[in-house]
Amino acid sequence: MAQVTSNHSLARERHMTKLKQVSRDWSFPEPEQLGCHFQWTASDRFLQHVLCSLACACVYHEWMKSAELQQLTASEPLTLEQEYDMQRSWREDADKCTFIILDKRRWTDSGSEEAQCMIGDVNFFLSDPEDLSLAELEIMIAEPDYRGKGIGKEVTQMMMHYGVAKLGINKFQAKIGLDNEVSISMFKKLHFHQVSVCQVFKEVTLETTVDESLRRRLLRQVGHMTERDYLAARGGRRQAASQAATGAPA
Ligand SMILES: CC(C)(COP(=O)(O)OP(=O)(O)OC[C@H]1O[C@@H](n2cnc3c(N)ncnc32)[C@H](O)[C@@H]1OP(=O)(O)O)[C@@H](O)C(=O)NCCC(=O)NCCS
């Protein structure tokens, strides 16, 4: 979610208009401060949640110092201030949807801060105001140790399932740097096919249309995963942490 320099970021940047007072609090804000809806989907290994908080901005800021990530995601590092604005934009704009990916093992350990559980994000935005069924997907497993373990493929399918089931998405696109062989290979494995190459931005556009066979595939892959209220689970987690701190029985 850092600033993307290629053309597909223009739609996103247009929405970055809401400059508000910035809090530098590393803790995750309370729901009333956010005013967005929460839910999560959990697989055995990790979970995704739609909370896109101020704390996330700090984590993104650290991640995007990596030259490798900048290159792979065609992004430029943002100042912390810009990162907060970007996070707000992704949280508040109706044409964007972001899930943060958390390591479930770390998250299950109530001693870990939520921000420490973040390993990446997956998101899409509605890139064509004339066609609200077209979504452009982006994925980033920011923590290198978590790459190559099947997480990217799994969360992308979770995100696609969410988009199809909840938002009526009919077509997904991904714009990927020509050098990013891993990402291109992953999307092709997910039945995306190449529709164009832009030599100016050195990126390829891959696309897949939602048909019955894609729906069935997504259901097979992620239909068994549970969707729950994130805040309720987070409340239980906090309670466990405070019980552990005071030595009270669970
Ligand atoms: C690209 C990215 C999302 C892939 O996610 P991942 O969790 O690492 O990949 P997975 O383990 O799910 O593997 C998915 C597919 O990617 C390809 N792949 C993964 N690791 C690979 C590697 N080291 N070399 C070549 N292909 C690889 C394979 O096709 C694999 O499918 P397979 O397991 O059936 O062979 C992730 O590596 C990433 O976020 N990288 C940095 C940021 C980035 O490039 N984002 C994409 C911007 S468009």
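Taken together, the values in this text are just the output of simple stated rules run on the coordinates, not laboratory data. Please read all numbers here as calculations on a predicted model, not as lab measurements. Note: ideal-geometry Cβ built from the backbone for every residue, glycine included; neighbour counts use all protein chains shown.
Below are the figures for this structure:
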| read-out | value |
| --- | --- |
| Within-13-Å neighbourhood charge of GLY168 [Cβ basis; K, R +1; D, E -1] | +2 |
| Listed peptides 209-217, 139-147 by packing density, highest first (mean Cβ within 10 Å) | 139-147, 209-217 |
| Region 152-250, Rg to Rh (Cα coordinates; Rh as Kirkwood inverse mean 1/r) | 1.20 |
| Nearest-0.05 FRET efficiency for LYS202 and THR226, computed from C-beta distance (R0 41 Å) | 0.55 |
| Prolate/oblate/rounded call for region 186-233, Cα gyration tensor, a/c under 1.5 rounded | oblate |
